[in-house]
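Visitor: My questions all concern the structure below.
The values are calculated or read from the model by the stated rules, or taken from the named source; none is laboratory data. Owing to the predicted nature of the structure, the values given are computational and were not obtained by experimental measurement. A quick note on method: Cβ atoms are made from the backbone with ideal geometry, for glycine too, and the neighbour counts reach across all protein chains shown.
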Amino acid sequence: MKKFFLAIICAAIFLTGCGSDKVVHRVGVIEYTNVTEDDFNQFYNEFTKSRKDNLTYEFTFFPNVNSLIAALQSGRVDSVSAYETVARYFVDTNPEFEYEVVSPPMSDVFCCAMREEDVALKKEFDDAISEMTADGTLSALVKTYIAEIHFRHAPPVIQLPEFYNKSMVKIGVTGDLPALDFIRPDGKPSGFNTALLAEISKRIEKNFVLVQIDGGARATALASGKVDVVFWAVTPEGSEIFPPDFDKPPGAILTKPYFADKLVLMKLRKGKK
């Protein structure tokens, strides 16, 4: 998923300390699609070289949120970048975690990625998202599946519509971003993104088949044709910090955004390390 670069830049400044001895703060980051780990560290060091403090940062890429959490618990990193909804889930379900909202607050937007030749499918998704925004359906889904949900309980099973003799679209789900992209303990996809898909399916009258894939293989699964659509997140348009398409899968097109979430730094509570 989109990499939390801007969050890390701001968070690094937010966490800056003082003193004479250099301190290395290790940060876990979801790997980029078009930027290497070495490039990431080099770009960050160049960006912050004028800052005068005793804190330096070492960034490590991980393929998915689960590997980030494992690195945090094992002490391999000191903090990880996450979306606030995801951090809320982990804090609610595990008291060893806490998080801080990045200051100043920064957000990414969520959308769907599909192959660049699937222009007609993208238009159908865009039209459905626009309709859902206009008629209040989208805000109602956010309220039900994000704002008011208690993350200690698995979201309810969501039944996707079925249409006789209509075309099929394969949607990749990972379960890596609970409770956005969520897989229940019984193996059934649920959560906000699944509820969103049910509404889009109903509006465009296409059958959606959910295919579970690894989070780090989403771009490959899309390009190979294993799935037709994957969930993605990107930095909002207008940022001049990033190279073009640094967070976009090669050969893909992106739908209109349907949700925005703040970026936070999640860490172990004091005394839990």
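Visitor: If I ask for residues that are modelled with pLDDT of 80 or more and either surrounded by fewer than 17 Cβ atoms within 10 Å (Cβ to Cβ) or basic (Lys, Arg) (or both), which ones from the range 42-63 would you list? It would help to see each step written out before you state the result.
Guide: First, the residues of the range 42-63 that are modelled with pLDDT of 80 or more: 58-63.
Selection gives GLU58, PRO63.
Visitor: Something else: Test ASP135 against the criterion of being among the charged types (D, E, K, R) and in contact (Cβ under 8 Å) with a residue 40 or more places away in the chain, and give yes or no. Step through it out loud before you land on a result.
Guide: Working: among the charged types (D, E, K, R): yes; in contact (Cβ under 8 Å) with a residue 40 or more places away in the chain: no.
In short, no.
Visitor: Can you tell me how many residues in the range 157-206 are closer than 17 Å to TYR258 by Cα and aliphatic (A, V, I, L, M)?
Guide: Number satisfying all stated conditions: 11.
Visitor: When only residues in the range 180-214 that are among the small types (Gly, Ala, Ser) and surrounded by fewer than 23 Cβ atoms within 10 Å (Cβ to Cβ) count, which is farthest from GLU116 (Cα to Cα)?
Guide: In the first step, residues of the range 180-214 are kept if they are among the small types (Gly, Ala, Ser); the result is 187, 190-191, 195, 198, 201.
Next, only the ones that are surrounded by fewer than 23 Cβ atoms within 10 Å (Cβ to Cβ) stay: 187, 190, 195, 198, 201.
Numbers: GLY187: 31, SER190: 27, ALA195: 25, ALA198: 23, SER201: 20 Å.
This residue is GLY187.
Visitor: Go through the residues of the range 182-190 one by one and say whether even a single one is under 21 Å from the mean Cα position of the chain (by Cα) and at positive phi. Even if it seems obvious, please write down each step before you answer.
Guide: Filtering the range 182-190 for residues under 21 Å from the mean Cα position of the chain (by Cα) gives 182-185, 187-190.
Those left that are additionally at positive phi: 187.
Checked the range 182-190: at least one residue is under 21 Å from the mean Cα position of the chain (by Cα) and at positive phi.
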